[in-house]
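The values are calculated or read from the model by the stated rules, or taken from the named source; none is laboratory data. What you see is a predicted model, and the numbers here were worked out from it, not measured in a lab. Using ideal geometry, Cβ is built from the backbone for each residue, glycine included, and neighbour counts are taken over all protein chains shown.
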Amino acid sequence: MTALLEAPALEVPDEVEADIRLTVDEFLALDEVDGDEEFYDNYELIRGKIVPKRKPNPSGRHSEIIGNLTFAIKSFVAAQDENKRGRVFPEGPVRIAEDDYFIPDLAYVAAGRIQEEDFEGVIPVFPDLVMEVNSPSDTQKQIYDKIEDYLKAGVRLIWSVYMLHKFVTVHKPGGGVVEVLDFNEELDGEEVLPGFKMKVRDLFK
């Protein structure tokens, strides 16, 4: 059965780190990060801190989960009337706030919100739906900070996938409770992607 949990406290610890914080503009103006000139594809900026998106030992399972959901949503969207077809972006960069540059594992933008047929750089609007597949090296603070910042920016539905334990937490504006879907339950596109459903277990095929 679907579980409802009180939303975890999304508070900054008492000890405030003294690391330099950057804005997105400052981040993108860098020449490289740790010798990586393609850093804007491989690093995120979370509340001004540079965090690697690509882990030292990337998991093929991680990519497989992204691919499974991408295929399911793209297939669903393709079957809709043309004026109802949103756009799906696997690992497309998004500028969420002045100091947040995220690369969600999958982003969905509802029909009509992006006017450009083609564009360079970041997705020009914040997504309506985001999926993030959490890696074992992701800290709970990193996960919670990103969820909170996505919601503040206007993202309407977030699926946070816990890859090792095979469950998904569902986050929506307004806080309060967090829905936890186990292996045998179902993702629901709700008002963001009406009619879309997918078994959680099908993420892990």
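Among the residues of region 182-203, is any in contact (Cβ under 8 Å) with a residue 60 or more places away in the chain, part of a strand (DSSP E or B) and within 28 Å of residue 48 (Cα to Cα)?
No: zero hits.
Within region 156-166, track down each residue that is crowded, with 17+ Cβ neighbours inside 10 Å and not aliphatic (A, V, I, L, M).
Pass one, region 156-166, residues crowded, with 17+ Cβ neighbours inside 10 Å: 156-161, 163.
Across region 156-166, the qualifying residues are 156, 159, 160.
Which numbered condition trips up residue 19, out of (1) at pLDDT 90 or above; (2) more than 20 Å from residue 90 (Cβ to Cβ)?
Failed condition: (1).
Can you tell me how many residues within region 66-103 are without any contact (Cβ under 8 Å) to a residue 40 or more places away in the chain, in a loop (DSSP other than H, G, I, E, B), more than 13 Å from residue 196 (Cβ to Cβ) and touching a helix residue (DSSP H, G or I) at 6+ places or on another chain (Cβ under 9 Å)?
1
I'm trying to understand the selection: among the residues of region 169-178, which are within 21 Å of residue 110 (Cβ to Cβ) and in contact (Cβ under 8 Å) with a residue 24 or more places away in the chain?
Taking region 169-178 first, the residues within 21 Å of residue 110 (Cβ to Cβ) are 170-174.
If the condition is that a residue be within 21 Å of residue 110 (Cβ to Cβ) and in contact (Cβ under 8 Å) with a residue 24 or more places away in the chain, then 171 is the only one that fits.
Look at residue 161 and say whether it is over 15 Å from residue 105 (Cβ atoms), touching a residue at least 40 places away in the same chain (Cβ under 8 Å) and part of a strand (DSSP E or B).
Details: over 15 Å from residue 105 (Cβ atoms): no; touching a residue at least 40 places away in the same chain (Cβ under 8 Å): yes; part of a strand (DSSP E or B): yes.
No, not satisfied.
Working carefully through the options 43, 108, find the one that is farther than 16 Å from residue 158 by Cβ and either surrounded by 14 or more Cβ atoms within 10 Å (Cβ to Cβ) or touching a residue at least 60 places away in the same chain (Cβ under 8 Å) (or both).
Working: 108 fails: farther than 16 Å from residue 158 by Cβ.
Result: 43 is the single residue among 43, 108 that is farther than 16 Å from residue 158 by Cβ and either surrounded by 14 or more Cβ atoms within 10 Å (Cβ to Cβ) or touching a residue at least 60 places away in the same chain (Cβ under 8 Å) (or both).
Within region 119-135, is even one residue outside any loop (DSSP other than H, G, I, E, B) and modelled with pLDDT under 90? Show your work before the answer.
If we filter region 119-135 for residues that are outside any loop (DSSP other than H, G, I, E, B), which is where we start, we get 123, 129-134.
Checking the rest, the ones that are also modelled with pLDDT under 90 come to none.
No, there is no match, as no residue in region 119-135 is outside any loop (DSSP other than H, G, I, E, B) and modelled with pLDDT under 90.
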